[in-house]
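Here the structure is laid out as structure tokens; the discussion comes afterwards.
The values are calculated or read from the model by the stated rules, or taken from the named source; none is laboratory data. For clarity, every value in this text was computed on a predicted model and none was experimentally measured. Every residue, glycine as well, gets a Cβ built from its backbone with ideal geometry; the counts of neighbours run over all protein chains shown.
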Amino acid sequence: MSELRFEQVSVRFGGRRGMTAVDGVDLTVPKGQVVGLVGESGSGKSTLARAAASLTPLSAGQILFNGRPLRPKRGEHRPLQMVFQDPHSSLNPRMSIGDSIAEGIPRAGRGDAASRRAEVERLLGLVGLDPQRASSYPGQMSGGQLQRVALARALAGQPEVIIADEITSALDVSVQGTVLNLVRDLQRELNLSMLFISHNLAVVRYVADAIAVMYLGRIVEQGPAEQILSNPQHPYTKALLAAVPGNGSTGLSPGMSDPAVQAVSDAEPADPHHPPTGCRYHLRCPIGPLVLPGRDVCREADPEPEGHSHAAACHFADGSLMAGKAGLL
Amino acid sequence: MSIATRFVADAVTDASESPWAGFVARRIGRLVVSLWVLVTASFLMIHLIPGDPVRAALGNSAPGALIEARREALGLNDPLWLQYLHYLQGLVGGNLGTSMTSDLPVAQVIGDRLPATFELAGLAFLLAVLISVPVGALMGVLTRGGRRRRTELAFTSTSIVVAAIPEFLLAVGLVYFFAVQLGWFPVAGRSDAGSYVLPVVSMALGSAAILSRIVRVEMLSVLGADYVRTARAKRLPNWMIYFRHALPNALTATLTIGGLMLSAMVAGTVLVENVFAWPGLGSTIVSSILAKDYPVVQGVVLVYGLGVLLVNLLVDIALGMLDPRSTIKES
Amino acid sequence: MSTSKTAATAGMAARWLAALKTPVGAVSAAMLLSVLTLAVLAPILWSGQAEEINTRAILQGPSPEHPVGTDSLGRDLFFRLLVATGLSVKLALAATGIGVCVGLVLGAVPSLLSRRIGRLVTAFVNIAVAFPGLLLAMFFAVIFGVGQTGAVLAIGFATAPSFARLTQTLIATQSERDFIAAAKLAGVGRVQRLIRHILPNIAEPLVVTATIGAGSSLLAFAGLSFLGLGVQPPAYDWGRLLNEGLNDIYLHPMAALAPGLAVVIAGLAFNLFGEAVAKTLGAPTPFAGKGAAPQRVRPTAVESSADVEPSTSSRESSAVLTVSDLFVSFPGPAGPITPVRGVSFSLAQGEAVGVVGESGSGKTQTALALAQLVEYPGSVTASRLEFLGQDQLSSPSPAKRQLLGTSFAMVFQDPMKSFNPTMRIGTQLAEVAQRHQGMNRRQALARAADRLRAVRVPAAERRLRQYPHEFSGGMRQRAMIGMGIMGNPALIVADEPTTALDVTVQQQVLRLLSTIKEENNVAILLISHDLTLVGQVCERVLVMYAGRIVEDLPATDLAERSLHPYTQALLAAVPDMETDRNQPLAVVPGRPADPSNVPAGCAFASRCPKADDHCTREDPQLVQQEDGHRVACWHPSRGTGQRVSVELKLPAAALQGEAS
């Protein structure tokens, strides 16, 4: 089995006066499943991805691959690969795409030049590109094609886990569908585990089996995709769902009478350098202390993600279910 | 940035949250570290010279006793750390040592020569700025978005050629034409106002050419910026767009390079002073190097370095005032 | 590996050859070549003549026999000048070589060694760079001693810090790119990453800088020799000759001027060549081609091309904006590029219209053209362009300016870049009212505070005194909208106003725009790539493809009653919260049309499942289908996204689509 597990992972940047980009995250990507990670910019989702790929050092916690820490030595097989957001930056412009893909082939099974070329051609075919294009340079290809090449390079490493960081957000709308289809087909065909990061809930919904929602470095809610989408527990997840254009009844009607609700709904995401105390969402929360008096617990205590049908870090997730428990803290 | 700088910066920013406090602290921290490097380098200079500097200075024929006495007087027989300590002590007390050729205190030699160099560099920088800002800004406006390609070509090639002529060669050319041929200005020396013209012009012209190119390029990029489009969308008149929105931003970017040029000018005085026999630090350092009068060389290098550091600090502060963002940017 | 290297070098050679084709490049290359040839040949050919002492011809001026004159030993200065080329160039190149090697090492160390050592080296380089090269050179000249070797070392070490700094910066920039992270993930080691991935991408700027550096070294060497700190007699370079000549500038000016000229010419050759190559290295400017002659940027009136009705809006009598046959074009390397090709529509009072299209569809250029903000060398033509009943095609007047300034508001995509970073928000808002509404500064600031409150920026008075960087993205976009309503706008054109913002903030900004529209009866033209978003805010949607409106329909018709295959494909290609997870997404095969090469006939034909011969031959006009619904298609048929998705479902087509 090949599962990727984050245990109390934290990433801090910039010494004493720095910021904590990822704060004590627990997350599991089960074998052969796609976990979608959503959140706003600055929520730490890309940092978490880079930490998983050992591109950013952890300041606490550990990332386990099949129960063991992931620390491949030089030349060893690397079971975890990543695809990046900007296709134009993710390929060396001075290298043919064939060479870029060949570089990803593990050294152990690399073989001679002919077998390497055959492998590159096979991979290009796998992502729906003409194998003849192996000698092309990134400058000669479109964004959608480059993203396929990046996928092929990731697959060259014979990965068991792929981390896809906003891989469609730089693409034109008519092209992003082809890449999403490809990702879905490949994932199913090769039985890959995948951490799929996106700010677009509709895209995540389309590919993911489970969804985790991040806010200011924490995972505030996670669970099976259907449950999260149909029965969100955390008010932030609800806000994200309501923000999907054309979703639900929210519309844009300006008729919001309660000034407190109005103020909260207009609030900006908090500065990750100075996260608020207690629940990190309480300054924007429509069921938090700024709207409903007496909910001071949100200001004071950090909610634990237990005690719901799926994990949601909110004191008042199911209406008042948690109120009693929070009072005991 | 070094650890020490960071420490100072952190100590101050913790005390107050104003971006300025942290900014000034960081800059001062950097100044202190640079200063330390400079002082140490100038101290070590004399020790890095292969062989005995005293023998080199006094010549091979000098009697051993004299050399020994001179070494003793200069403190060269002490252990290195003690010499360093004495050197630092001397600096704090304004004692830069004694010239080996004239026996005058180095501080006095520098004090005599500094004003002439300061005048030259200051006037030349002023002239360069007065030429380059209007010319560069005007060229930027005229050639924005690829307009007037011929004007652009003429301006670019002229400025490249002028910039490629080093100050001292330009000085030679100017001397020949305006002093020898036309006789308008004196060939050399520092006396009346007329004697300033050729040295200042020869120092300013090349810098003005480089600076005006930079101002133009910055102006072009600013004129293409989104916020200038916003200003046009507000239907502001052109003069307001150019003077209020574009020029200040173009100058902010220019200032960084302008500062580097000003510090280069401090050093550029060396050559021009020699062409015009200008009684400044530049002619002093050259004659001291040739005469192997190392205490004077040490002192002058220190003063030049100090000038450069001060210019950089001033530029940073000016930048902080012009562009509020630069105070929060980490370098 | 070998292929990547040859390709990299081939690309580099091609760019350097391209530099030779520019006039400056050709001249400087010729100059450089002759300087180098002279440097090699002159010492071999003319050393004898240059050193021949003639006591009967001491310190002579120029003569036919001695074109530059003679020196104090009667040696011919012309030959000495030629022979000196050798030593001058040799020393300059040696010094540059030292500088480049030391600089490369110092620059690459931080990326190879531990972080602590790297930081120390970086700090050292940063301090050294602050000191001018000449000062460093004199410092080193003292240490290494006066003379040729000392000067080479001094100038070499003096140029090293700036070269190291450049190398560091370039490496740091490249290291942040994703392909380096990918190579790391593929198990490529540090040294290999540097050699295979980073160096090929930074080689060109480094070589260019080294070339220019050689020119500077040449000048610096002349300087040191001139001061007597460089080359010592009996050896001689140009600086030495200059030093000797300057003493007698009264009597024999040529003896000083000629070596000076030689230094300048040789220095220029290096400099200009470096500059010429550097220029071709920068990406070619998009609109720098010859193409069309520069035209006026202000919209020009043209005859109406067809009998197309400018609008189908039933409320035309109260139109805020009417445009017919709008064209925007830019000169391109191969003829003009026309991103907007005949757009006609009108906007009624208080109406919200969305313009949707992919990148390159011309939607942003349309918005800029309507706002008359298209920049030179673009040209804008239209047969009709009216704003609030005022003809915008005739020459501008103060009255028009004022009307546009107060009634036509723009909101741009990137709130980060759209405010002037060096001016306070309050000043930027106030200047609109000061300019166009005759307010004084105090009144204007009061109005600005009021407007900031209207766009629900908290603590408006305090915010006025802040700079843009002190605002968050969403707040900045609110302030931008606030600036738009400083006057009394009849129209707000918003170009992707939420694309740069987070999803939850997007909704806030859109809600704000809707509120303003409702409260002030303002018309809104919302430009976006997101069909669902536009459908949510707008009453009418214009779908653009390859510079044309291909469909103009009520937003309520979007889901079920669209007629153009492109509209239907767009709807089906984007997953929403109802998309069937078990079906592949519909795919639009091929790429969006390239505005510099728009095919004949219908531009969408090559990607369209319904296209036939007629479509590739003749371009369909935008014609009225029913009330308030126009479409430009030969085969309009009602359909939802779902149906097209079925037609296009073949996975082979999906995979081949873009690949072929």
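When each of C:L385, C:L404, C:L429 is tested for being touching a strand residue (DSSP E or B) at 6+ places or on another chain (Cβ under 8 Å) and not in a strand (DSSP E or B), the lone residue that passes is C:L404.
For region B:36-61: of the residues being within 22 Å of the chain's Cα centre (by Cα) and more than 10 Å from chain C (Cβ to nearest Cβ), which is nearest to B:V297 (Cα to Cα)? Here the answer is B:F43. In the condition set (1) modelled with pLDDT under 90; (2) among the aromatic types (F, W, Y); (3) within 18 Å of the chain's Cα centre (by Cα), A:F84 is compliant with all but (1).
For B:I210, indicate whether it is assigned to a helix (DSSP H, G or I) and without any contact (Cβ under 8 Å) to a residue 24 or more places away in the chain. It is false that B:I210 is assigned to a helix (DSSP H, G or I) and without any contact (Cβ under 8 Å) to a residue 24 or more places away in the chain.
Summed over region B:285-308, the residues that are over 13 Å from C:P132 (Cα atoms) and at the interface with chain C (Cβ under 7 Å from one of its Cβ atoms) give a count of 5.
Out of the residues in region A:57-96 meeting the condition of being of a type in the set (K, R) and either facing chain C (nearest Cβ under 9 Å) or part of a loop (DSSP other than H, G, I, E, B) (or both), tell me which one is surrounded by the fewest Cβ atoms within 10 Å (Cβ to Cβ). By that ranking, first place goes to A:K73.
Looking at region C:119-225, the helices (runs of 4 or more DSSP H) lying wholly inside it that each contain 1 or more residues that are modelled with pLDDT of 90 or more and more than 14 Å from chain A (Cβ to nearest Cβ) sit at C:148-175. For region B:147-169, how many residues meet the condition of being within 9 Å of another protein chain (Cβ to nearest Cβ), part of a helix (DSSP H, G or I) and surrounded by fewer than 23 Cβ atoms within 10 Å (Cβ to Cβ)? Here the count works out to 6. What number of residues within region C:493-506 satisfy the criterion of being surrounded by 24 or more Cβ atoms within 10 Å (Cβ to Cβ) and not in a loop (DSSP other than H, G, I, E, B)? Total meeting the criteria: 3. When C:A128 is tested against the conditions (1) surrounded by fewer than 20 Cβ atoms within 10 Å (Cβ to Cβ); (2) touching a Pro at 6+ places or on another chain (Cβ under 7 Å), the lone failure is (1). Is there a residue in region A:184-196 that is among the aliphatic types (A, V, I, L, M), more than 9 Å from chain C (Cβ to nearest Cβ) and closer than 26 Å to A:A239 by Cα? Within region A:184-196, one or more residues are among the aliphatic types (A, V, I, L, M), more than 9 Å from chain C (Cβ to nearest Cβ) and closer than 26 Å to A:A239 by Cα.
With respect to A:S54, is the statement that it is crowded, with 21+ Cβ neighbours inside 10 Å and either within 14 Å of another protein chain (Cβ to nearest Cβ) or touching a Lys or Arg at 6+ places or on another chain (Cβ under 7 Å) (or both) true?
For A:S54, the condition - crowded, with 21+ Cβ neighbours inside 10 Å and either within 14 Å of another protein chain (Cβ to nearest Cβ) or touching a Lys or Arg at 6+ places or on another chain (Cβ under 7 Å) (or both) - is not met.
Set side by side, the residues A:V179, A:V183 differ, and just one is over 23 Å from A:S2 (Cα atoms), without any contact (Cβ under 8 Å) to a residue 40 or more places away in the chain and either buried (at least 21 other Cβ atoms within 10 Å of the Cβ) or in the same structural domain as A:G42 (by TED's automatic domain parsing) (or both), which is A:V179. Take the conditions (1) within 22 Å of the chain's Cα centre (by Cα); (2) of a type outside the set (S, T, Y); (3) at pLDDT below 80; B:R27 misses just one of them, which is (3).
Checking C:P468, C:P396, C:P415, C:P421 one by one, the residue that is closer than 18 Å to B:T230 by Cβ, surrounded by fewer than 20 Cβ atoms within 10 Å (Cβ to Cβ) and within 10 Å of chain B (Cβ to nearest Cβ) is C:P421 and no other. Among the residues here, C:V356 qualifies as at pLDDT 90 or above, closer than 14 Å to C:I527 by Cβ and more than 11 Å from chain B (Cβ to nearest Cβ). Checking the stated criteria, A:I163 turns out to be part of a strand (DSSP E or B), closer than 10 Å to A:V83 by Cα and modelled with pLDDT of 90 or more.
Per-residue answers, yes or no, for (1) facing another protein chain (nearest Cβ under 9 Å); (2) not hydrophobic (A, V, I, L, M, F, W, C):
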{"position": "C:A546", "(1), (2)": "no, no"}
{"position": "C:I549", "(1), (2)": "no, no"}
{"position": "C:D552", "(1), (2)": "no, yes"}
{"position": "C:L563", "(1), (2)": "no, no"}
{"position": "C:A569", "(1), (2)": "yes, no"}
{"position": "C:A572", "(1), (2)": "yes, no"}
{"position": "C:D576", "(1), (2)": "yes, yes"}
{"position": "C:N582", "(1), (2)": "no, yes"}
{"position": "C:D594", "(1), (2)": "no, yes"}
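The residue that is farthest from the other protein chains (Cβ to nearest Cβ), among those in region B:213-260 that are of a type in the set (D, E, K, R) and in a helix (DSSP H, G or I), is B:R216.
Does C:C602 satisfy being surrounded by 14 or more Cβ atoms within 10 Å (Cβ to Cβ), at pLDDT below 90 and either out of contact with any helix residue (DSSP H, G or I) (no Cβ under 6 Å at 6 or more places or on another chain) or of a type outside the set (V, I, T) (or both)?
So C:C602 fails the test.
Restricting to region A:71-88, give me the number of residues that are closer than 22 Å to A:F13 by Cα and without any contact (Cβ under 8 Å) to a residue 24 or more places away in the chain. Here the count works out to 1.
For region A:167-184, name all the residues that are of a type in the set (D, E, K, R) and touching a Phe, Trp or Tyr at 6+ places or on another chain (Cβ under 9 Å). Listed by number, the list holds a single entry, A:R184. Residue under question is A:S253, and the condition is that it be farther than 27 Å from A:A208 by Cβ, outside any helix (DSSP H, G or I), outside the structural domain of A:T20 (by TED's automatic domain parsing) and at pLDDT below 80; does it hold? The answer is yes for A:S253.
Give me the pairs, please: first residue somewhere in region A:120-147 and in contact (Cβ under 8 Å) with a residue 60 or more places away in the chain, second residue anywhere and crowded, with 16+ Cβ neighbours inside 10 Å, beta-carbon distance under 7 Å, and either six or more positions apart or on two chains. Filtered contacts from region A:120-147: A:L126/A:A152; A:L126/A:L155; A:Q147/A:P87; A:Q147/A:I167; A:Q147/A:L171; A:Q147/A:V179.
Residue under question is B:S61, and the condition is that it be closer than 28 Å to B:S191 by Cβ and outside any helix (DSSP H, G or I); does it hold? When the stated conditions are applied, B:S61 does not pass them.
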